[in-house]
Every structure is written in structure tokens, then in C-alpha cells.
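*Asks:* Got a structure here, written out as C-alpha cells. Questions coming.
The values are calculated or read from the model by the stated rules, or taken from the named source; none is laboratory data. Every value quoted in this text rests on a predicted model; they were computed, and no experiment measured them. Ideal geometry is used to build each Cβ from the backbone, glycine not excepted, and the neighbour counts take in all protein chains shown.
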């Protein structure tokens, strides 16, 4: 799959490097600086810096030429922060050098986010600083699926309707909900992030992407209590590469089909990633009794596993076995290539549970070499393939009914 990034990011002067995506301001741009401390932000971790950050952004957004919002070294406490466009300034850099800590009072969050950047183009978030969501103070209130339509805990950072932009060299710690979301964005890069939360923290996905086109994700280190990277509906032309994941639930496409009016997924490549002691490896998950949609052109390749419970899994009964009707999400043109490493002997290396209504088609299993973490003498459970039309190639130690 080709990610059309080079031409796209000339607008921002963002250079795509072989070791990742590094955002730099174009030559000749002199940024006007908007330091949040000049707008009343307190670097002592005690005072509320929410409005100071919003005021700094608004001044930067409506300035002329290139602008930079600076959160300097220090600790800044903030509640719900909205950075909204459209803006006259182009490009805009948000440079986080210090640590931003979230307010633990859930009543200050009127929506599902802590920080949101929305309806703007040409934004670069960088600086080497930290966003600490202080989720440990509120995870006890996570309702998960136990309460229908319960509000989700706030996402640390959402990019909504943001184009020709990117984030790199930022650390995320202990989000309340998801750490970061990219929604309805085009031509977007995510690189060199470190995302950390305890393995038992609820719904703390590292990065979730939905409704977006031409997204390039590279060089992430993610360890959380949920998916390291989750890819929702409506995505086209995504590349995820050089992600180290663990602990967590692996790298997932889905879940798909939970809600009405979801749209197709087309062209997702997950390449050269390492998963360490995760629940899942390469996973696709869809709900039963779903709206009709398709997910196609999906590639998981060059994946290294270390003690992964479910290395390769398609689950079209995800979290919905009580629903009578099968999933209507059509999975086609799916490739698992060059996947190697160790797995728990308690489960199959490969588990493909596809829909009876729309069986999986053209599922390639090529060069699969997965052994028990306890050594070759300890056999993995037989693989399971239900309603899946597989194509098996190259070296394999598949066993079971997968080819």
C-alpha cells in the first residue's frame, strides 16, 4: 500500500524520514510565539491553566503567518481544553515542553475529551513533553459495557477534522479513557509517541483512528490496558509500522458493526511491529447483527510475537454472542504474512471465526511460524477456522483446520 505523504506534507514542511515522521517548520517561517504563561498559566501544578491555554491558542489561531503555542517546562493543571479552528495562522506548532496534568474532577468535562484540536489544517504537536491524564483517580468509575449508553471517560487528546497535520515526540501517561483519537482527519502523521498505562486499566486504548484517510503511524511504544492501536470504521489508506506493543490487547481492526451508519474500511497495512505479552496479536473484530459494511485490503505482515495469547484472530462474534443474527461485516482480501514468535499453549495460534451470513474471503496465511512459549515440546491447541476461505502459502506450522 502506498501512503501519499510526500506531496501532502510539503505544505507543512514535514519531512518523512526512514526512521519515522519528523515535523519541522518550513524554511523561511518565523513563528510568532504564544507562551501560555504570558496568558496566566501557572507552572506549579496547582493553579488552573485551562483558560490560559485556550486564550493562547485563540491568539495564535487568529494571528497572521506562522504561530507557535508554547507550554514551557513545569507542571500545568488543566481541565477541558478546546483548540478550535479554522485559523488564519499557518502553520501552527503546539510545543509541549513541560507536563500537563488533567483535573481529576470529572464534572469539569462536558464532553468525552480532555484536549481536542478540531477543524483546522497545518498543525504540528511536538516538544517532548508529557500529557498525564491521571486516570488512576477515576478508573473506578469506568462503566464499560455494564451500563447501556453510559458516558465514556475523557480521551486525553482528540484530533477532529484536522488535515495535513501531525503529532510526534510526545509522552502520554494514564489517560482516563483512550489516550488519543484521530477522527475524520486526512493526511495525518503520528510518530515517536510513548504511551503508558497499567495493563489492568480499563478502556485505555493507545491510539484509535476512525473516519480518516491517508494516516501514517510509525515508531510508537505503547503499553496500556486495551488495544495499543485500534482502527475503527470509515478508514482508507492507513499504514501502521514499527509499533512495540505490550501490555495490552494488541493491534486491532474494529470493533466494526456496533453502530448504525458505519462505513467501509479499505486499505490498512500493519507492518514490522512487535507484540510482547499481549492478549491478542493481529486481530479483526466485528459485532453480530451489524449493519452491512465491508473491510478489505487488510495486511498484517512482518509481525514478531513474544508470549501472545491469541496471535492471529478474526472474531465476528465479538462481545455479542447473545445476538441472534450473524455479523453483516464482509471481510475480504485479508493477509497475514510473515508472522513469527511464541504464544500461550492454552489457545490456538490461529482462530478465524467468520460470519455465517458473509463468510470471510481470500484470507491469506503465508509464512506463519508460531510455537509455544514453553518450547517445541509443548503443543499449541489446534487452530480453528469457521466460515473462512483461506489461502495458505510458504512455511507454516498451522495444524488444525486452517489449511
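*Asks:* When you scan segment 200-223, do you find a residue that is in contact with a helix residue (DSSP H, G or I) (Cβ under 8 Å, 6 or more places away or on another chain), under 28 Å from residue 104 (Cβ atoms) and surrounded by 23 or more Cβ atoms within 10 Å (Cβ to Cβ), even just one? Before you say what the answer is, go through the steps one by one.
*Replies:* Looking only at segment 200-223, we keep the residues that are in contact with a helix residue (DSSP H, G or I) (Cβ under 8 Å, 6 or more places away or on another chain), and these are 201-202, 204, 214.
Applying the additional criterion that residues be under 28 Å from residue 104 (Cβ atoms) yields 201-202, 204.
Imposing the further condition that a residue be surrounded by 23 or more Cβ atoms within 10 Å (Cβ to Cβ) reduces the set to 204.
Taking every residue of segment 200-223 in turn, at least one turns out to be in contact with a helix residue (DSSP H, G or I) (Cβ under 8 Å, 6 or more places away or on another chain), under 28 Å from residue 104 (Cβ atoms) and surrounded by 23 or more Cβ atoms within 10 Å (Cβ to Cβ).
*Asks:* Among the strands (runs of 3 or more DSSP E) lying completely within segment 340-393, list those that include at least 1 residues that are assigned by TED's automatic domain parsing to the domain that holds residue 308 and under 24 Å from residue 272 (Cβ atoms).
*Replies:* So the answer is 350-353, 360-372.
*Asks:* Taking residue 82, is it under 22 Å from residue 194 (Cα atoms) and either surrounded by fewer than 20 Cβ atoms within 10 Å (Cβ to Cβ) or in the same structural domain as residue 154 (by TED's automatic domain parsing) (or both)?
*Replies:* Details: under 22 Å from residue 194 (Cα atoms): no; either surrounded by fewer than 20 Cβ atoms within 10 Å (Cβ to Cβ) or in the same structural domain as residue 154 (by TED's automatic domain parsing) (or both): yes.
The answer is no for residue 82.
*Asks:* Does residue 330 satisfy being surrounded by fewer than 17 Cβ atoms within 10 Å (Cβ to Cβ), within 17 Å of residue 266 (Cβ to Cβ) and either over 22 Å from the mean Cα position of the chain (by Cα) or not assigned by TED's automatic domain parsing to the domain that holds residue 250 (or both)?
*Replies:* On the way: surrounded by fewer than 17 Cβ atoms within 10 Å (Cβ to Cβ): no; within 17 Å of residue 266 (Cβ to Cβ): yes; either over 22 Å from the mean Cα position of the chain (by Cα) or not assigned by TED's automatic domain parsing to the domain that holds residue 250 (or both): yes.
It is false that residue 330 is surrounded by fewer than 17 Cβ atoms within 10 Å (Cβ to Cβ), within 17 Å of residue 266 (Cβ to Cβ) and either over 22 Å from the mean Cα position of the chain (by Cα) or not assigned by TED's automatic domain parsing to the domain that holds residue 250 (or both).
*Asks:* Which of the residues that make up segment 171-184 are surrounded by fewer than 23 Cβ atoms within 10 Å (Cβ to Cβ) and under 21 Å from residue 84 (Cα atoms)?
*Replies:* 183, 184 - these are the residues of segment 171-184 that are surrounded by fewer than 23 Cβ atoms within 10 Å (Cβ to Cβ) and under 21 Å from residue 84 (Cα atoms).
*Asks:* Given (1) more than 26 Å from the chain's Cα centre (by Cα); (2) closer than 21 Å to residue 189 by Cβ; (3) surrounded by fewer than 18 Cβ atoms within 10 Å (Cβ to Cβ), where does residue 38 come up short, assuming only one miss?
*Replies:* For residue 38, the failing item is (2).
*Asks:* Another question, then. Six or more apart or on different chains, Cβ under 7 Å: which pairs go from a residue in segment 108-120 that's in the same structural domain as residue 176 (by TED's automatic domain parsing) and modelled with pLDDT under 95 to one that's surrounded by 20 or more Cβ atoms within 10 Å (Cβ to Cβ) and outside any loop (DSSP other than H, G, I, E, B)? Could you list them?
*Replies:* 112/155
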